[in-house]
Amino acid sequence: MKQVADGVWQLTTFGIPNLINAFVVEDVLIDSGTRHSRNLIMRQLQGHRINAHALTHAHGDHQGSSHELCEGLGIPYWVPERDADAAENPTLIGERQPDHLIARLYYKIFTGPGHPVARRLHEGDEVGGFSVLETPGHSAGHVVYWRESDGVLIAGDVVTNFDQLTLIPGLHEPKAYLSPDPVENRRSAKRLRALEPSLVLFGHGAPLRDTRKFVDFLDAL
Ligand SMILES: [Zn+2]
């Protein structure tokens, strides 16, 4: 894994760097890639003590290996309140996605088994030195993680840093066919404007340090 800020590391979960990201903040693993990501993540975690696993949201490309990693590492599963039922019972993930071919395909190939949630995350909770901010829309319970002291934002899928269809780099809202409520997701994205982060870390795409681009993108929504 690659250190991207003080106490923050980026992990590759899908072979190609930046395609589907996970992060470690202090001793917490945030997101777990797809159900095929376990070995790749375990290799990158070697030598780093992990004491808990948290999600940005319960979609198959973020919770895919959560069950196996929590079991294997003997760590608790922390999930945003309104995604906790889907994290325990992933059939709900499929049921909540728009009825679209690509959403169904991703659900089938990525989603991993459910796992009991030990802690339900809420606005203002602290996770690995970051604060939880509720940003629903891309999923009912989607959250971002924000560290005000140095302006690091783990943005999940509220915004992506490549086009999810063409993979061409650049800022985008997640595809509407992958978001149960794109209108609410846009409201959540606009909420991030006021943070003026110094580093934005995405679920999909490379880290962004030229954050003027991020602010301009949100202004134009
Ligand atoms: Zn995603």
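Listed by first and then second residue, the pairs linking a residue in the range 200-218 that is in contact (Cβ under 8 Å) with a residue 24 or more places away in the chain and open to solvent by less than 40 Å² (accessible area, probe 1.4 Å) to a residue that is among the aromatic types (Phe, Trp, Tyr) and in a helix (DSSP H, G or I), with Cβ atoms under 8 Å apart and 6 or more places separating them unless they lie on different chains, are Val200/Phe214; Leu208/Phe214.
Candidates in the range 49-69 are the residues that are open to solvent by 10 Å² or more (accessible area, probe 1.4 Å) and in a loop (DSSP other than H, G, I, E, B); of these, the one that is farthest from the ligand (Cβ to nearest atom) is Arg49. All conditions in (1) open to solvent by less than 20 Å² (accessible area, probe 1.4 Å); (2) within 16 Å of the ligand (Cβ to nearest atom); (3) within 24 Å of Glu68 (Cβ to Cβ); (4) out of contact with any Phe, Trp or Tyr (no Cβ under 6 Å at 6 or more places or on another chain) hold for Lys108, with the sole exception of (1). Applying the criterion of being open to solvent by less than 10 Å² (accessible area, probe 1.4 Å) and among the hydrophobic types (A, V, I, L, M, F, W, C) to the residues of the range 22-44, the residue that is farthest from the chain's Cα centre (by Cα) is Ile41. Being closer than 20 Å to His62 by Cβ and touching a strand residue (DSSP E or B) at 6+ places or on another chain (Cβ under 8 Å) is the filter here, so list the residues in the range 166-187 that pass it. Hits for the range 166-187 are Leu171, His172, Glu173, Pro174.
The residue that is surrounded by the fewest Cβ atoms within 10 Å (Cβ to Cβ), counting only those in the range 188-198 that are aliphatic (A, V, I, L, M) and in contact with a helix residue (DSSP H, G or I) (Cβ under 7 Å, 6 or more places away or on another chain), is Leu192.
Here Asn89 clears all of (1) closer than 22 Å to Ile41 by Cα; (2) away from the ligand (no atom under 14 Å from the Cβ); (3) open to solvent by 40 Å² or more (accessible area, probe 1.4 Å) except the condition numbered (1).
The values are calculated or read from the model by the stated rules, or taken from the named source; none is laboratory data. All of these numbers come straight from a predicted model, not from anything done at the bench. With ideal geometry, Cβ positions are generated from the backbone for all residues, glycine too; neighbour counts draw on all protein chains shown. The area values use the complete protein model at the heavy-atom level, side chains included, leaving out ligands, DNA and RNA. Shrake-Rupley method; radii C 1.70, N 1.55, O 1.52, S 1.80 Å.
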